[in-house]
Amino acid sequence: SNDFGKVPPSYILQNDKGIFTLIQSRELENLGMLTDAAWTDLDGDGKKELVVVGEWMAPRAFSNDKGRLSEIDLDERASGLWQTVLAHDLDGDGDQDLVLGNWGTNSKFRASEDKPLKMYYGDFDSNGSTETLVALPKDGKYYPIEGLDGLSGQLESLRKKFNTYRSMAGKPIEEILDKNVLNKGSLYEVNELRSGVLINEGGTFTFSAFPEELQLAPITAFLAYDFNQDGKEEVLAGGNYFGVKPYHGRFGSFSGAMIAGKNDVILGHEIGMDLSQKSVRHLNIIHLQNQPYVLVTYNNNKAEVYQLLNQN
């Protein structure tokens, strides 16, 4: 069974002096395929809202009224393959923006508002196992990203319907599986692949994509810190991802970046860091002998520590 596409339950655990208690909330039961969350005061009322992001979904936010969560409208429903979120005043106007790491545009995926990337999830052959089918738009139709071998690995019946590779080649997904069969499952759509920031304009949020050099690979981690000691925090970004099939290739070309504004970016190798060809999971500040260092942790690799120079 292929369970990618099944929405798992989400939970909040309350920490009471090391004892964790599950907080029941109907709003959290089926949020989506979450990858990250943040608590921040979006509307300046002194109360923190919960922001969540995930794959095949739009960013979502919830107000917190004495433990009762109610969804609030972010006004920007960009559905993406979101990897991480950081609440940070990127435009310097005094309120919290949402800095978002997405999949990037350097892949075989293509998505836009009028031509979204699609994923079908369900038991399409009624055999008790679920299947996941991703389809790309082209000339007004949708085509599966996998060929006969990949699709028949999930749907054995396709080997009977298409006994040669040529017989299936070039066919849109609704000719491979009947439209009524596809409608049996769940449909997910992505219309934004770029990393960027949801600019908070007095409670109304507008998405602004980062420059092209930040779209080379998935961005999976952010760190806000005053690196140059000018009294303002910059944002350090890291990413890359290797857990994909050979068809997609490795996403390893992002060297990291320092972001001072949505269009003010310095790449990692220009500031003495090279995070390329490594899959960044987290970025943190640690202090050793009262001096700050950047701790970078990776998937399936040794952690690295970078010393911050010119620190008082």
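The values are calculated or read from the model by the stated rules, or taken from the named source; none is laboratory data. Values in this document were obtained by computation on a predicted structure and should not be read as measured data. Note that we place each Cβ from the backbone using ideal geometry, even for glycine, and neighbour counts take in every protein chain shown.
The criterion of at least 2 residues that are outside the structural domain of ILE199 (by TED's automatic domain parsing) and buried (at least 19 other Cβ atoms within 10 Å of the Cβ) is met by none of the strands (runs of 3 or more DSSP E) wholly inside region 33-85. Restricting the search to strands (runs of 3 or more DSSP E) fully inside region 119-218 and requiring at least 2 residues that are of a type in the set (Lys, Arg) and outside the structural domain of ASP264 (by TED's automatic domain parsing) gives an empty result.
Going by the structure shown, is THR21 hydroxyl-bearing (Ser, Thr, Tyr), surrounded by 19 or more Cβ atoms within 10 Å (Cβ to Cβ) and farther than 26 Å from GLU131 by Cα? Here the answer is no, as THR21 does not meet what is asked.
It is to be established whether one or more residues within region 111-124 are touching a residue at least 40 places away in the same chain (Cβ under 8 Å), basic (Lys, Arg) and over 18 Å from GLU174 (Cβ atoms). No, every residue in region 111-124 fails to be touching a residue at least 40 places away in the same chain (Cβ under 8 Å), basic (Lys, Arg) and over 18 Å from GLU174 (Cβ atoms).
Do we find a residue being at pLDDT 95 or above and more than 25 Å from ILE145 (Cβ to Cβ) anywhere in region 240-254? Within region 240-254, none of the residues are at pLDDT 95 or above and more than 25 Å from ILE145 (Cβ to Cβ). Scan region 284-298 and report the pairs whose first residue is not assigned by TED's automatic domain parsing to the domain that holds LEU223 and whose second residue is of a type in the set (Gly, Ala, Ser), with Cβ atoms within less than 7 Å and a gap of 6+ or a chain change. Filtered contacts from region 284-298: LEU295/ALA303; VAL296/GLY238; VAL296/ALA303; THR297/ALA303; TYR298/SER279.
Candidates are the residues of region 1-18 that are under 17 Å from the mean Cα position of the chain (by Cα) and farther than 19 Å from SER63 by Cα; the one that is surrounded by the most Cβ atoms within 10 Å (Cβ to Cβ) is GLY5.
Give me the residue from region 215-258 that is closer than 16 Å to LEU308 by Cα and of a type in the set (A, V, I, L, M, F, W, C) and, out of that set, surrounded by the fewest Cβ atoms within 10 Å (Cβ to Cβ). Across region 215-258, the extreme among qualifying residues is ALA224.
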